[in-house]
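Let me begin by presenting the structure, written as structure tokens, before commenting on it.
The values are calculated or read from the model by the stated rules, or taken from the named source; none is laboratory data. What you see is a predicted model, and the numbers here were worked out from it, not measured in a lab. Counting neighbours? That spans all protein chains shown, and the Cβs are built from the backbone with ideal geometry, glycine included. All accessible areas refer to the heavy atoms of the entire protein, side chains included, with ligands and DNA or RNA removed. Shrake-Rupley method; radii C 1.70, N 1.55, O 1.52, S 1.80 Å.
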Amino acid sequence: MYNRKELIQKAIEAKSKALPTYSNFHVGAALLTKDGKIYLGANIETSSYSLTICAERTALFTAILEGERKFKAIAVAGDTEDYLPPCGACRQVLSDLCGGDLDVILVNKKGKSKKLKLRELLPYSFGEEFFKK
Ligand code: THU
């Protein structure tokens, strides 16, 4: 068990750190490790648009650099009417580095949320099991 409200709050806070220079679309993420630490992420854009990095990957790569390897949940917050879902690229990265059992909490602009398992967001996913012996 973990404090879902706190994780949502942290994702909303992280949104204010976004640098969405071109899209003006602010996204925040809060990633919870299995031993209870929270890492924040926000989207960062550059003039070469495709080099943009999403909030989810910022949080995850920050955590990985700190030596974290086991994750429980991620909350993703946007200023959207609907619950903000991770993009396809982030689903793949989360699947590879966190696994399908990760809780993904989608948060809308009112702070309302919807929880799904990553495997529900990325069914029949590609992964290292297809090429690793
Ligand atoms: N974005 C995220 O950070 N996470 C998502 O789940 C969806 C999209 C960012 C990428 C880009 O900076 C902006 O939102 C618009 O696509």
To the nearest 20 debye, the chain has a Cα-centred charge dipole, built from +1 on Lys and Arg Cβ and -1 on Asp and Glu Cβ, of 340 debye
Rounded to whole Å², per residue accessible area for the chain with a 1.4 Å probe reads 59 Å²
Projecting the Cα atoms of TYR39, SER113, MET1 onto the charge dipole of the chain, where Lys and Arg contribute +1 and Asp and Glu -1 at Cβ, the residue farthest towards the positive end is MET1
By the DSSP-based rule, helices of the chain that are at least 24 Å long along the axis (C-alpha) and have a mean Kyte score of at least 0.0 are none
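Hey, what's the per residue convex hull volume over the C-alpha atoms of region 4-119, in cubic angstrom?
Enclosed volume per residue, from the Cα hull, is 92 Å³.
In whole percent, how big is the carbon plus sulfur part of the accessible area of the chain, probe 1.4 Å, protein atoms only?
So the carbon and sulfur contribution to the accessible surface is 54 percent.
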antiparallel share of DSSP beta bridges within the chain, to nearest 5, in %, is 75 percent
Expressed as a whole-number percentage, the relative contact order of the chain with C-alpha contacts under 8 angstrom and at least six residues apart is 20 percent
Candidates SER16, SER95, SER47; GNM for the chain (alpha-carbon contacts under 10 Å) flags as most fluctuating SER47
Residues whose modelled amide H sits under 5 Å from the amide H of LEU102, counting only those 5 or more places away in sequence or on another chain, are LEU118, ARG119
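Chymotrypsin sites (Phe, Trp or Tyr not before Pro), restricted to region 91-133: which are DSSP loop and have at most 10 other Cβ atoms within 10 Å? Can you show the working numbers first?
Working: sites: TYR124, PHE126, PHE130, PHE131; in loops: TYR124, PHE126, PHE131.
Sparse-neighbourhood loop chymotrypsin sites (Phe, Trp or Tyr not before Pro): TYR124, PHE131.
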